[in-house]
Amino acid sequence: MKSSMAYRLILSFSLLLLITSCAKDNDELDERDKFEGSWTCVETDNTGAKSTFRITIYKKGEGDSIQITNFAQLNSDNMTVLVYGSSLSIPNQNVDGFALSNASGNYTNQKISLSYKLDNDQFTAECKR
């Protein structure tokens, strides 16, 4: 009787271990989650002039890509942007007829800071929810 009880206990414990090891870890968050949504950006050009606009960030695919609509007030949503932790890597590309280069971003304190060059003009932008 005792060996049957021990066998059941060991079997139950083994099944519990198997079930919990197959469950998805809640700690595995998508790094893109903190970027996703609507943001209000204040952009400053190389002369110090400021303008305000809204962008929307969506996840794109399964990997580390995101899509930004209205980036730099341009009418394009077909940009390549990659997320690495709290950093944005924005490769050189043409956006709505402008040459985008030297572009990057960073997420800190619930804000996104962007730096980029469109054609020959340098810009920075700070975006908040």
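What the table below lists for this structure:
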quantity: All positions within region 91-129 that are basic (K, R) and either closer than 24 Å to S38 by Cβ or touching a residue at least 24 places away in the same chain (Cβ under 8 Å) (or both); calculated: K111, K128, R129
quantity: Odd one out for L88, checked against (1) under 19 Å from N120 (Cα atoms); (2) touching a residue at least 40 places away in the same chain (Cβ under 8 Å); calculated: (1)
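Listed here are the residues, each with its yes/no results for (1) within 15 Å of the chain's Cα centre (by Cα); (2) surrounded by fewer than 18 Cβ atoms within 10 Å (Cβ to Cβ).
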site	(1), (2)
T44	no, yes
F53	no, yes
I66	yes, no
T69	yes, yes
G85	yes, yes
L118	no, no
A125	no, no
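Values in this text are rule-based calculations from the coordinates and carry no lab data. Computed from a predicted model, the values in this text were never measured in an experiment. Glycine also receives a Cβ, built like all others from the backbone with ideal geometry; neighbour counts cover every protein chain displayed.
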